[in-house]
Amino acid sequence: MSNRNSKILITGANGFVGAALARALAARGQPAACLVRPGADVSALEGLLYERVEGDVTDAASLARAVQGREVVYHLAGTRRGATREDFHRVNAEGTRLLCEALVALGTRPRLVLVGSLGAAGPSRPDQPRVEEDPLQPTEWYGESKAEAERIVFGYADRLPVTVLRPPRIVGPGDHENLPLFRLVARGLRLELGGGPRPLTLVDVEDVVDLLLVLAERDEALGQAFFVGHPEPLSLERIQELAAEALGRRTRALPVPPAVLLGLATVADGVSRLTGRRLALNRKFARQLLAPAWTCTSDKAHRLLGFRATRDPAETLRQTARWYRAHGWL
């Protein structure tokens, strides 16, 4: 850990993508300042050189302190699970607004890179991947909050140099979001929703990090939003097959009708509201699973920045399954 004042700040730095970005910056000799909530689990940052900054994106005073002296801010902090619309908007949208206000107040125009989501654009058609020019059409609360965060950021584009990255489903060792699927496979089960296959654009976390580093440096990225993903989509069925292969497990189908999945997710959200626990199943996750497709094209990033996501998600999924088992997550 470093005590020096870094010129780079990462919000949500102890999350899956944030920690990967912090590792990449440290490897480049640019240890970042990492904004983490008091008492947060920072095990993902273990062994890294970084500056720890305690605060919360919903706390304006802590943000004002955290942004002092920064030249680049990567905004990754957010919540992916919530029982109400307000749970998502308070952190993902209003937290973004508070950060923008803190940066404007500096008067030095630090560069802001927001990590948004394909969820802000909404699901695609199986035969027509999303492109950046499409209108934002989110279909659930998480996507709504990320779309609003984008609108907020671009509303500050006359006062701050801003860029938005919209990753699809991100994969890689250490990821929690896809872990429930791997745990099912490890138990010899395979989720079968019917009506599929539903194509999914995936992206390796290291490709996301590589593009984030580019977005913070290239003027062509200013005022723009970008998708990033591997050109060959996979499906929920194929993801589970790859996990089973890597784990050496034979699986049997666990049929779950869409109505049952949504019903269970609604119950899980009720439990979350009552207990405060964020469960793996929720309506956001259920609606994402049931959408006809979640695909996007990264042609804009290649056209403007010469960037392509080159890591094969199929191999990444195999590596992830082995990593989960080696680290006792399964």
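We did not get these values from a lab; they are worked out from the coordinates using the rules stated. Being a predicted model, the structure only gives us computed values, none of them experimental. As a convention, Cβ positions derive from the backbone with ideal geometry for all residues, glycine included, and neighbour counts pool all protein chains shown.
Between the alpha-carbon centers of the stretch 81-125 and the stretch 155-185, tell me the distance in whole angstrom.
13
Could you run the Karplus curve 6.51 cos²θ - 1.76 cosθ + 1.60 with θ = phi - 60° over the stretch 174-184 and give me ³J(HN,Hα) per residue in whole Hz, x for Gly and Pro?
With the stated coefficients, the stretch 174-184 comes to x, 6, 8, 5, 9, 4, x, 5, 5, 5, 4 Hz.
Mind listing the phi-derived Karplus ³J(HN,Hα) values for the stretch 34-41, rounded to whole Hz, using 6.51, -1.76 and 1.60 with θ = phi - 60°, and x for any glycine or proline?
Couplings: 10, 7, 9, 6, x, x, 5, 6 Hz.
Counting other Cβ atoms within 10 Å of each Cβ, which trypsin sites (Lys or Arg not before Pro) in the stretch 247-282 have at most 10 and sit in a DSSP loop? Could you put the intermediate results ahead of the total?
On the way: sites: ARG249, ARG250, ARG252, ARG273, ARG277, ARG278; in loops: ARG249, ARG250, ARG277, ARG278.
Sparse-neighbourhood loop trypsin sites (Lys or Arg not before Pro): ARG250.
What percent does the relative contact order of the stretch 195-251 come to when contacts are Cα pairs within less than 8 Å and at least six residues apart?
Values: 32 pairs, mean separation 28.8, N = 57.
Relative contact order, the stretch 195-251: 51 percent.
On a 0 to 90° scale, report how tilted helix 205-215 is relative to the longest principal axis of the chain, with both axes built from alpha carbons and the result rounded to the nearest 10.
Long axis of 205-215 versus the principal axis of the chain: about 30 degrees.
Residues with amide H under 5 Å of LEU202's amide H, sequence separation 5 or more or different chain, H placed in the peptide plane at 1.01 Å from N; which?
Answer set, sorted by chain and number: HIS230, LEU234.
Taking amide H positions as placed 1.01 Å from N in the peptide plane, with prolines and chain starts having none, which residues 5 or more places from GLU192, or on another chain, fall under 5 Å of its amide H?
Answer set, sorted by chain and number: LEU254, VAL256.
Between the helical axis of 16-27 and the dominant principal axis of the chain, each derived from Cα atoms, what acute angle in degrees is found, rounded to the nearest 10?
Value to nearest ten degrees: 50.
Run the numbers on the stretch 64-114 and let me know its relative contact order in percent, using alpha-carbon pairs under 8 Å that are six or more apart. Walk me through the intermediate numbers first.
Numbers: 38 pairs, mean separation 28.2, N = 51.
So the answer I get is 55 percent.
With contacts defined as alpha carbon pairs under 8 Å and 6 or more residues apart, what's the relative contact order of the chain in percent?
Relative contact order here is 18 percent.
Express in whole angstrom the spacing between the alpha-carbon centres of the stretch 265-330 and the stretch 1-66.
A separation of 23 Å, based on Cα centres.
Restrict the search to the stretch 41-100; then list the GluC sites (Glu not before Pro) that DSSP places in a loop and that have at most 11 other Cβ atoms within 10 Å of their Cβ. The partial results should precede the final answer.
Numbers: sites: GLU46, GLU51, GLU54, GLU71, GLU86, GLU94; in loops: GLU46, GLU71.
Passing sites in the stretch 41-100 are GLU46.
Output ³J(HN,Hα) for the stretch 290-295: one whole-Hz value per residue in order, computed from phi by the Karplus curve 6.51 cos²θ - 1.76 cosθ + 1.60 with θ = phi - 60°, and x for Gly and Pro.
Coupling constants for the stretch 290-295: 8, 5, x, 5, 10, 10 Hz.
If the chain between ASP59 and ASP127 were fully stretched, how many nm would it gain, using 0.36 nm times the residue separation less the Cα-Cα distance?
Numbers: separation 68, 0.36 × 68 = 24.48 nm, distance 4.28 nm.
The span from ASP59 to ASP127 would gain 20.2 nm if fully extended.
Using only Cα atoms and rounding to the nearest 10 degrees, what angle (0 to 90) does helix 94-106 make with the longest principal axis of the chain?
20
Please list the non-local residues whose amide H lies under 5 Å from the amide H of GLY116, H modeled 1.01 Å from N, same-chain partners needing a gap of 5 or more.
Placed amide hydrogens put LEU165, ARG166 under 5 Å from GLY116.
Could you check the spin-label model distance between GLU220 and GLU46? Points 7 Å from the Cα along Cα→Cβ, value in nm.
Rounded to a tenth, the inter-label distance reads 4.1 nm.
Shape call for the stretch 76-125 from the C-alpha gyration tensor, a ≥ b ≥ c root eigenvalues: rounded (a/c under 1.5), prolate (a/b greater than b/c) or oblate? Before the final figure, lay out the partial values.
Details: a/c = 3.34, a/b = 1.64, b/c = 2.04.
Oblate shape, in that a/c is at least 1.5 and b/c is the bigger or equal ratio.
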